[in-house]
1. Kindly state which helices (runs of 4 or more DSSP H) lie completely within region A:704-800 and contain at least 3 residues that are more than 16 Å from RNA strand B (Cβ to nearest atom) and open to solvent by 40 Å² or more (accessible area, probe 1.4 Å).
2. What helices (runs of 4 or more DSSP H) lie completely within region A:505-624 and have 3 or more residues being within 16 Å of RNA strand B (Cβ to nearest atom) and under 20 Å from A:ASP55 (Cβ atoms)?
3. Got at least one residue in region A:341-364 being out of contact with any Cys (no Cβ under 7 Å at 6 or more places or on another chain), within 16 Å of RNA strand B (Cβ to nearest atom) and in a loop (DSSP other than H, G, I, E, B)?
4. Restricting to region A:82-101, and then to whatever is among the charged types (D, E, K, R) and closer than 19 Å to A:GLY560 by Cβ, can you tell me which residue is surrounded by the most Cβ atoms within 10 Å (Cβ to Cβ)?
5. Hey, can you tell me all the residues within region A:650-670 that are near RNA strand B (Cβ under 8 Å from one of its atoms) and among the hydrophobic types (A, V, I, L, M, F, W, C)?
6. May I ask you to list the residues in region A:185-208 that are open to solvent by 50 Å² or more (accessible area, probe 1.4 Å), in a strand (DSSP E or B) and not charged (D, E, K, R)?
7. From the list A:LYS386, A:LYS402, which residue is away from RNA strand B (no atom under 16 Å from the Cβ), in a strand (DSSP E or B) and out of contact with any helix residue (DSSP H, G or I) (no Cβ under 8 Å at 6 or more places or on another chain)?
8. Within region A:1-30, can you find the residues that are closer than 24 Å to A:HIS83 by Cβ and exposed (fewer than 14 other Cβ atoms within 10 Å of the Cβ)?
Amino acid sequence: MSDYKKTLNLPSTEFPMRGNLPKKEPGFIERWDSEELYFKMLKKREGKELYILHDGPPYSNGHIHLGTALNKILKDFFIKYKHLKGYKTPYVPGWDNHGMPIENKVTQEDKEVKELLKDRTALKKPEVKIKIREKCREFAKYWVEVQKKEFKRLGVLGDWEHPYLTMSTEYESEELRIFADLVEQGYIYRDMMTIHWCPKCQTALALAEIEYKEKESPSVWFRMKVKEDKANLFDGDEGYALVWTTTPWTIVSNLGLMFHPDFTYVVFEYEGTKYLVGEPHLERVLKEFGWEDIKIIKKVKGADIEGTVFWHPFIKRESPAVLAEFVTEEEGTGIVHTAPGHGKEDFEVGKKYGLGVLSPVNERGEFTEEAGEPFVGLSIDEGGKKVLEIMEQNGTLIKVGKIIHSYPHCWRCKSPLIFRATTQWFLSVDHNNLRKKALNEIKNVRWHPEEGENRIYASVSERPDWVLSRQRAWGVNIPALYCKKCGHVILDPQVIRNVADYFEKEGSDAWYKHPVEDFLPEGFKCPKCGGTEFDKEMDILDVWFDSGASNLTVLKESRGLRWPADLYLEGSDQHRGWFNASLMLGVAKRDRAPFRAVVTHGWVLDEQGRTMHKSLGNVIHPDEIIEKYGADIMRLWVASVDYTEDVKLGKEILQRMVDSYRKIRNTYRFLLGNLYDFDPEKDSLPYEELMPLDKFMLHKLETLKREIDKHYDNFETHRVFHRYFNFVVVDVSAFYLDVLKDRLYTWGKESKGRRSAQTVLYEILKTLLITFSPLLSFTTEEAWQYLPGKHEESVFLADWPANRDEWLNETLASEFEKLLEVRDAVLVALEIARKEKKIISDRLEARVLLKVDGEERNVIEKYRDLLPELFIVSQVELVSKEPDAEVTYEKDGIFIGVTHAKGKKCARCWVWHEEVGKDPDYPDLCPKCVAVLKGK
RNA sequence: GGGCCUAUAGCUCAGGCUGGUUAGAGCGCGCGCCUGAUAAGCGCGAGGUCGGUGGUUCAACUCCACCUAGGCCCA
């Protein structure tokens, strides 16, 4: 009986059922590398239109995380897709190397550097800087190599041997030349700016280096006498503004008083003296002072107080009233002491009102000459006490208490920070209409998702001038000169270009290594005093300038690239970061946005939708996933989610991806198994000779391909995934392949019916592999190797399947959709027959009686011979009355009856047939099988 | 505190922008079948009232307001 099994055409393939991805994937990477697949891909598209995705450089200071993995995988999706579509897609990965995190790491952990830095002033010495930079370079280089391996492990193809590094000599010199151009065009200027400063470490701190901690400070209440009472607050009498501060030392630098424009202010009289205070603050302040029996004189709106002038409490200096929204109701008096040199808001307001800036404090946190006697040389704490002393004496001090509040501290030495005004280099955002031009360019860029446009627009229209300088060691220097004679600061394009030439040859350490004379053009003199001796600027450029310049330094013809890029693809946090910086520099230099389209993705969150955080213990590392499941599972996950929003990842989600993967893989496997004896060149049938069901599947395949194509083009890879997966599961696996088994297994090996099916199976498999290869790169490549017939050595060297209009057959498709509706109803009836009535177990034991009315009747009759195959039952009988059977079922005018099939079960094809046994040579076979075995 | 965004079955996504029959799909789950895709394959079924509250409307998951939770950026 089982002898007949050998006469069947059962599937056969070497393509393994199990993926074993963690083990197998590295082999593919090696092969792609050694066979130079990336370059072969480029070569294949020689002369074709370019599609340039410009890589946003990740920071080289540790292993990649899920966010960077997500990012690179998405980039790989679109590059591969565009390549398959016929574009030439060179991809040059980049790394961002300079900057604070690496410098901090080195200065904190490198023994040699730590030793050098025991002397806190050492940081200023060129040789120490060179040492630090050397260590930083080593550090960055190490992590570039690590990340490179990790990115490659994800299956990302690109020119990994020639990436761009912001610390490379080539990059640094080009960057400096761009800077020189900007100087020449007048974008760069110098101005004061307040920064967080650690007096102990004697260094500026970036926002990320600040820790907020509780601190006890004095709570100082004092009064400032009116000088010019423009708003007639006090009716010609002597009057005082009540002011509060927690940093008495900054009173030395007071240059104004802030009022809230919308608050109401109250003038009241206490013991014969008139005072001004915010109305919301009045009660609290009186209680604080223990003042009773006051008399309210009048109320004034904050906005009206603007322009009133007060006297500094102890210096003969004016302090005008200005308006600002920073003033709060909760604290103080509603009148805020303003020292533009010592506070961010103060600085902004001071700049707006032209108050000037006083910052008479040196790097060690000591008062300078500028502070005047008796403060010179005092520390800020001592100075603060002195201030209180003086105000106590002259009667301006009202009360001193204590307050515990959150205050910024240095992350390194944990001591409280101060605000200091320093001179910095700026890029003017409004020079040459830069902002306006940039805003205009934003409209010409395709943003995905669309909300990105609002976000970048807001950040460009609101952004202040760009502070370019950093007081750091690890970065590209700003090659400015200080005239030794007159102190004049010079930023000369020619000098900068000379420096750039040195950078190109020696790297940016050249700035420290060479004497300043080496950089000067012949006969260079201080334009102000004619001096010929200069000091070098020690500030470096903001790292956002580094990466923001990448479009200009990297997208060059000499690299086979082109400016502007077709696509930028980064996390949505880059609207304010890299997109912004790139846009500014791109527009400043070339009057155009450096990108044609910008795609952004969200954050990777845990399964509950919370940020992954060490302290929450919910962090997942990419290599955990790769080692356990493989990169294709990760890629499949990326493909399955709508990345424009935040995406969740966790155990269940991964398990679902593994399940999906198995289904896809097994379907590939089964397709391959049924093509073991099929040579597409010899055995394919022309379209006209295909069986109707097979033509129908080509119609579905063609539709699928076109939809997927559209989704890729719209950057909607999750729609690609869902559409594709649904096709694989529903149309191919559950329907087509299941129905086809009889034809594939039991019909003659070279029968037309079988070849017809194989012709379509081959097209399906090939299309499935190519169209999904950007997403599921390893597995499609693996399966590709088993594809029969002549084909490219790699799926990535194939072309996106061309549109086949002739495969679209709407008439046939709508007929089959109707048949499928009937099929669905039949399946329900069969389930009843099996489960409730137990008259059948296997579907082939069933005989189906069918009565269909209306237009569907014609279709059913047209394809009546196909119905048993389609339902996978042994017999189908069309009846004209509602069937009288053991099992009946009706749905939407489709009447179904189920009985047990007549005749006997054919031992070979298992189909029940009344003519089984008719042939004496094969007493247990049906006529069809007999014919097959007798070779027709 | 401000800007932008998100919230549909256990999971991943549709739908709704142009408000109107029982809100769809696949996976997972449950129950079966098969043993000629077998650490596979097939079928059937049960799951949501669309984050919450209020409003507009004859009618809202879909429009508006507020709230809650979460995310990114900024302060």
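The values are calculated or read from the model by the stated rules, or taken from the named source; none is laboratory data. Since we're looking at a predicted model, the values are computed, not measured. Cβ atoms come from the backbone with ideal geometry, glycine included; neighbour counts cover every protein chain shown. With ligands, DNA and RNA removed, areas are computed over all heavy atoms of the protein, side chains included. Shrake-Rupley method; radii C 1.70, N 1.55, O 1.52, S 1.80 Å.
1. Details: elements: A:717-726, A:738-746, A:752-772, A:777-784.
Output list reads A:752-772.
2. Working: elements: A:510-513, A:543-548, A:550-554, A:578-590.
It comes to A:543-548, A:578-590.
3. Filtering region A:341-364 down to residues out of contact with any Cys (no Cβ under 7 Å at 6 or more places or on another chain) leaves A:341-364.
Then keep just the ones that are within 16 Å of RNA strand B (Cβ to nearest atom); that gives A:342-352.
Within this subset, residues satisfying the condition of being in a loop (DSSP other than H, G, I, E, B) are A:342-343.
Yes, there is a match, as at least one residue in region A:341-364 is out of contact with any Cys (no Cβ under 7 Å at 6 or more places or on another chain), within 16 Å of RNA strand B (Cβ to nearest atom) and in a loop (DSSP other than H, G, I, E, B).
4. The first filter runs over region A:82-101 and keeps only residues among the charged types (D, E, K, R), leaving A:82, A:85, A:88, A:96.
Applying the additional criterion that residues be closer than 19 Å to A:GLY560 by Cβ yields A:82, A:85, A:88.
On the way: A:LYS82: 24, A:LYS85: 18, A:LYS88: 20.
Ranking the candidates gives A:LYS82 first.
5. A:ILE653, A:PHE670
6. A:TYR189, A:MET192
7. Numbers: A:LYS386 fails: in a strand (DSSP E or B).
Matching residue, one of A:LYS386, A:LYS402: A:LYS402.
8. Applying the first criterion (closer than 24 Å to A:HIS83 by Cβ) to region A:1-30 yields A:21, A:24-30.
Within region A:1-30, A:GLY27, A:GLU30 qualify.
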